[in-house]
Amino acid sequence: MDFPEFFCYVSILACLFPTMVNSIGINYGQIANNLPSPEDAVPLVKSIGATKVKLYDADPRVLKAFANTDVEFMIGLGNEYLDKMRDPTNAQAWVKENVQPHLPATKITSIFVGNEVLTLNDTSLSDCLLPAMQSVHAALLNLGLDKQVTVTTTHSLAILQTSYPPSAGAFREDLMDPLCETLNFHQKTGSPFLINAYPYFAYKGNPEQVPLDFVLFQPNQGVTDPQTHLHYDNMLYAQIDAVYSALASLGYKKLPVHISETGWPSKGDEDEAGATPENAEKYNGNLIKLISGKTGTPMRPNSDLNIYIFALFNENMKPGPTSERNYGLFKPDGTPAYPLGLGITPNNVVGRNTTVGGGSFGNAVTNPYYPMSSSTGYMSISSARQQRYQLLGHVLLMVPLLMIKTLV
């Protein structure tokens, strides 16, 4: 499909599905040398109904391209900037250069400072996290932008010590001090708590015992939390509620939780079980339908699901196993990497109107002049993702065997 055909295609999608999906977020990574221009990415984002974009840096080309589109942006300050951002002068200079010029045309609503810092076991980074967040927030306050732009950070699900049953969710003791500092910051400033959650790695780590339907939002028997008697028919909702429980146990019951990354690869190496186009379609397609249904988790049925799918594009320069380069909903030429789960293919734009249970109560080329180094923090984190989730000693990343036995 060439680009004229591509633009005709996405225009049809936007007309057919203008309100089908609500509050979908998408991660926009750029570790590639063959991506469409940011201007060409705009209709792709709209074609899937996404209203929010998470960008791993503050690429001015992307922010300008999305001006006056009403798409909300969360922009990132990579781990490599944490030490520098401890200085309020540097933080204010960064906000003046990377945030202020784009407002209000581009709806920047949040800045995430650091990516999964607390689970990297690097005190040189973790010691900088809160001071950097405070400096960026102070800069926003000084510039009168604090009411429209919040400051937060992302966490790996590995911050949990216990995740099953969801009602027993608890944070790791060794992370409690720095974690509580950031939680106090969130509570004072009104910013959300961000978690990256990947049920795919639970299945990949133990495909013989983790039920595939349970991680793909397919019909299945599900499990019941013995304490709350809430029923779960998918792993992601169980993971989210474990985080809610962990927060509540520390007195942060009202703190909003957003899923800043989740997704499924469409291709992998021989030892990467489940990385297929069919499974990626089911995971992301069913997830989009759940979000569009505006149902919350079993523990928080009336809370909005703020979820960012990973990712917009396949990224051919990402290190690591094959799966790392195949999380995109779209190929670099703008065509779907697989059917988008809404009954949409390049040759078929008719919706399937499939219903999936909700979980609780039945329910072209990148500009060569933009330096790749801007996303080095994202590259290092993404390459480490597989290693982190392969630590099968962290029971929280898998459905515990006790839970599995109730499913089979």
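In this structure region 168-255 gives 39 Å² per residue of accessible area when probed at 1.4 Å with all protein chains present. Backbone amide hydrogens, once placed in the peptide plane, bring residue 300 within less than 5 Å of nothing, excluding anything fewer than 5 places away on its chain.
Using a cut-off of 20 Å between Cα atoms, the listed pairs 52/294; 52/84; 52/318; 52/289; 204/267 include 52/84; 52/318 as exceeding that distance.
Cβ neighbours within 10 Å, averaged per peptide: list 241-248, 316-323, 200-207, 289-296 in order, most packed at the top.
Values: 241-248: 22.9, 316-323: 16.5, 200-207: 21.2, 289-296: 18.9.
Going by the mean number of other Cβ atoms within 10 Å, highest first, we get 241-248, 200-207, 289-296, 316-323.
Here's the list of aspartates and glutamates a cross-link from residue 254 could span, going by alpha-carbon distance under 18 Å and ignoring same-chain residues fewer than 8 apart: 181, 241, 304. Converting phi to 3J(HN,Hα) with the Karplus coefficients 6.51, -1.76 and 1.60 and the offset θ = phi - 60°, region 232-241 yields 10, 10, 8, 6, 4, 5, 5, 5, 4, 5 Hz in sequence order, with x at every glycine or proline.
In summary, the aspartates and glutamates within cross-link reach of residue 107, defined as a Cα separation below 17 angstrom excluding same-chain residues under 8 places away, comprise 39, 57, 59, 70, 72, 97, 146. Distances between placed amide hydrogens fall under 5 Å for residue 326 paired with 315, all partners being 5 or more residues away or on another chain.
Placing a pseudo-label 7 Å from each Cα along the Cα-to-Cβ vector at residue 141 and residue 269 gives an inter-label distance of 4.7 nm. Rounded to the nearest Hz, the phi-derived 3J(HN,Hα) couplings of region 296-306 under the Karplus curve 6.51 cos²θ - 1.76 cosθ + 1.60 (θ = phi - 60°) are x, 7, x, 6, 10, x, 9, 8, 5, 8, 9, where x marks glycine and proline.
Working note: Karplus 6.51/-1.76/1.60 with θ = phi - 60° gives region 100-106 the couplings 3, x, 8, 8, x, 4, 9 Hz, where Gly and Pro are set to x.
Near the amide H of residue 162, within less than 5 Å, lie the amide hydrogens of 170, all on another chain or at least 5 residues away, with H placed in the peptide plane.
Solvent-accessible area of region 105-223 (1.4 angstrom probe, protein heavy atoms only): carbon and sulfur portion equals 45 percent.
Note on residue 253: lysines with a C-alpha under 19 Å away, same-chain residues under 8 apart excluded, are 188.
The values are calculated or read from the model by the stated rules, or taken from the named source; none is laboratory data. Nothing here was measured: the structure is a model prediction, and the numbers come from that model. Every residue, glycine among them, receives a Cβ derived from its backbone with ideal geometry; neighbour counts consider all protein chains shown. Remember, those area values only see protein heavy atoms, side chains included, never the ligands or the DNA or RNA. Shrake-Rupley method; radii C 1.70, N 1.55, O 1.52, S 1.80 Å.
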